[in-house]
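The values are calculated or read from the model by the stated rules, or taken from the named source; none is laboratory data. Note that this is a predicted model, so its numbers are computed, not measured. Here the Cβ positions follow ideal geometry from the backbone for every residue, glycine too, while neighbour counts run over all protein chains shown.
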Amino acid sequence: MALKADILLPGSAQGEVLTLQRPISFWGGVDPKTGTIIDARHPDRGTNIAGKILALPGMIGSSSAAAIMLELVHAGRAPAALLMPEPDAILLLGVIVAREMGWAVPPAFALPAEAQKGLHGQHIKIAADGTIGD
Amino acid sequence: MTLHLTDAERAMANGHSGAGAAMAMRIVADTAQLMGAERLIPIASAHIDGALYHGDSGTLFAERLVADGAKVAVRSTLNVGALDLMGCSKQNLPPHERDMAKRMMKAYEAMGCEPSWTCSPYQAGHRPVLGSDVAWGESNAVVFCNSVLGARTNRYGDFLDIACAIVSRAPDYGLHRTENRRATVVADVSGLSEALRRSDVFYPVLGTWFGLEMGQAIGVVDGLQGLPNEDNLKAFGAASASSGGVGLFHIAGVTPEAPTVEAATQGHEPERRVTVTGEMVLAALKRLSTTDDESVDAIAIGSPHLSLDEVRSLDNILNGRMLAKPIYACTGRHVIRAIEADGTRAKLEHLGVIFVADTCVVVTPILPGNGGVLMTNSGKFAHYAPGNTGYAVQYGSFADCVETAVTGRLTRDLSLWR
């Protein structure tokens, strides 16, 4: 595995990768108290994102995603890290604000959706420079 | 691309204007860096969507800013909160949530934001001028501000809106830049009947179609010259921003950056032209209703918040008739004050209208019981009611909604669509 992701928000992480099958709207899609996916139309409904390295193929929906992300961090139910094809200002804003509040936050990296798919279910480490290894 | 901050901006981030302003500047600068902006630009005003309670963390953030001395530096109106502070309607929030929601609303007021508490700030006296840069949140307010007023804003979400207001700066990217405001798709509606194009009920439906068709792309509609009024444009934009990610639309001969189709495309050849047919808009109309159940339990109007003109229309169509089913009429306190002064509020409440101020029926628990059938003329209510309230939706025109409320039976005039 010689993958290297671009750093969006710095940090390192390890854990099991959960690659979502479809884009998700965090507002109305993820329960902010538990981290469980609650969107009735989403194929990963019922899966929990807390502590996972969450790979997002894309984002849709409300500008309240930042509020849900901040709430997940505050509740201790945030993912261990975020992977996304390109920076999403709204979701990552929740992480930026949580960092300003002095709470422990997940790092975020850019990784294309194709590369995310191959990582699903694996236990990986992401170094601070974005290098992905097992 | 690297972000370049001025000396003054850097000093603010380092705390020269206080800890609250420093935190706000770091949030704005971090976002700018993330989105590839090279600089920050001054803004003329803000509309803040961040005071709607989603959980305790948002309240703690706002209270941290207040404690650290942050104040907004530009005119900042507030979008809806989770509570009707005017006391027109009741919310069924548990005590802890009610307390935290109220603390949150008070914290935003303490930072100097205007207690407008409306999603139609542009009809409550907040109208930035053509070409000015602003930081607005709430998808319908964003799309109206960009499209109808011609002021420039991205879709500012929770936290970034207030941070920009405090530092009076925003990241220079997206819809702040002229080249990114160009229409790439032309939608020609001139083949639809003029009666339909002149009707109120057409605009939320066309907006729903437009949002689904455009996604995040910018389109220009041709064939509506001289037809829509401001409330029609409000309904169109809100529907398009609910069904798609529309932040800016153009309507040739109507909106300020589109005197012509060519002006809207900035002289470029469009990537796509779509001829809108009766079947297309009929499909959008059908999509807005989620049930065949004709036993309507309640009617909701006012997403976006009703204008004074719309409340006057309600009064005229009702014409003193008592309601068999309640109409929840969501509006801002700017309208409540006007209709209180002339007795309209008391008159309509006596007939069975329930006014909802400062908030609305899809963002906080107001509708009774555990669901039922909700009739609405709003594309936005139709989109969000099933997920947020548990109510199924019957969609109809403003007049259909009023007649259904009076008779208690679903009444719908579909003659325009045939």
Note to self: Let me confirm something: among B:Val205, B:Val186, which residue is β-branched (Val, Ile, Thr) and outside any helix (DSSP H, G or I)?
What the structure shows: B:Val186
Next item on the list: Would you confirm whether any residue within segment B:28-42 is under 24 Å from the mean Cα position of the chain (by Cα) and more than 12 Å from chain A (Cβ to nearest Cβ)?
Entry: yes
Notebook entry, point to check: Do we find that B:Ser89 is more than 18 Å from B:Ala170 (Cα to Cα), at pLDDT 95 or above and polar (S, T, N, Q) in this structure?
Noted result: yes
Item checked: Check on B:Gly69, facing chain A (nearest Cβ under 9 Å), surrounded by fewer than 23 Cβ atoms within 10 Å (Cβ to Cβ) and either in a loop (DSSP other than H, G, I, E, B) or at pLDDT below 95 (or both) -> no
Next item on the list: State all residues of segment A:68-87 that are within 9 Å of another protein chain (Cβ to nearest Cβ) and under 23 Å from A:Glu114 (Cβ atoms); if no residue qualifies, say none.
Entry: A:Pro87
Notebook entry, point to check: Pairs, please: C-beta under 6 Å, at least 6 apart or cross-chain, first residue free of Cβ contacts under 8 Å to residues at least 24 places away in the same chain and facing chain B (nearest Cβ under 8 Å) and in segment A:94-114, second surrounded by 19 or more Cβ atoms within 10 Å (Cβ to Cβ) and of a type outside the set (Ser, Thr, Tyr)?
Noted result: A:Glu100/B:Met23
Margin query: Return the residues of segment B:222-250 that are out of contact with any Asp or Glu (no Cβ under 8 Å at 6 or more places or on another chain), among the aliphatic types (A, V, I, L, M) and not in a loop (DSSP other than H, G, I, E, B); say none if nothing qualifies.
Written below: B:Leu233, B:Ala238, B:Ala239, B:Ala241
Next item on the list: Among the residues of segment B:166-208, write down those that are closer than 19 Å to B:Val148 by Cβ and within 20 Å of the chain's Cα centre (by Cα).
Entry: B:Gly174, B:Leu175, B:His176, B:Arg181, B:Asp200, B:Phe202, B:Tyr203, B:Pro204, B:Val205, B:Leu206, B:Gly207, B:Thr208
Check: Yes or no: B:His4 more than 12 Å from chain A (Cβ to nearest Cβ), over 20 Å from B:His176 (Cβ atoms) and free of Cβ contacts under 8 Å to residues at least 40 places away in the same chain?
Finding: no
Notebook entry, point to check: Residues of segment A:20-47 being within 25 Å of A:Gly133 (Cβ to Cβ) and out of contact with any Asp or Glu (no Cβ under 9 Å at 6 or more places or on another chain), which ones?
Noted result: A:Thr47
Checklist line | Hits in segment A:24-41 - residues which are surrounded by 16 or more Cβ atoms within 10 Å (Cβ to Cβ) and within 25 Å of B:Asn140 (Cβ to Cβ) | finding: A:Ile24, A:Ser25, A:Phe26, A:Trp27, A:Gly28, A:Gly29, A:Val30, A:Pro32, A:Asp39
Checklist line | Hits in segment B:161-183 - residues which are in contact with a Pro (Cβ under 9 Å, 6 or more places away or on another chain) and assigned to a helix (DSSP H, G or I) | finding: B:Cys164
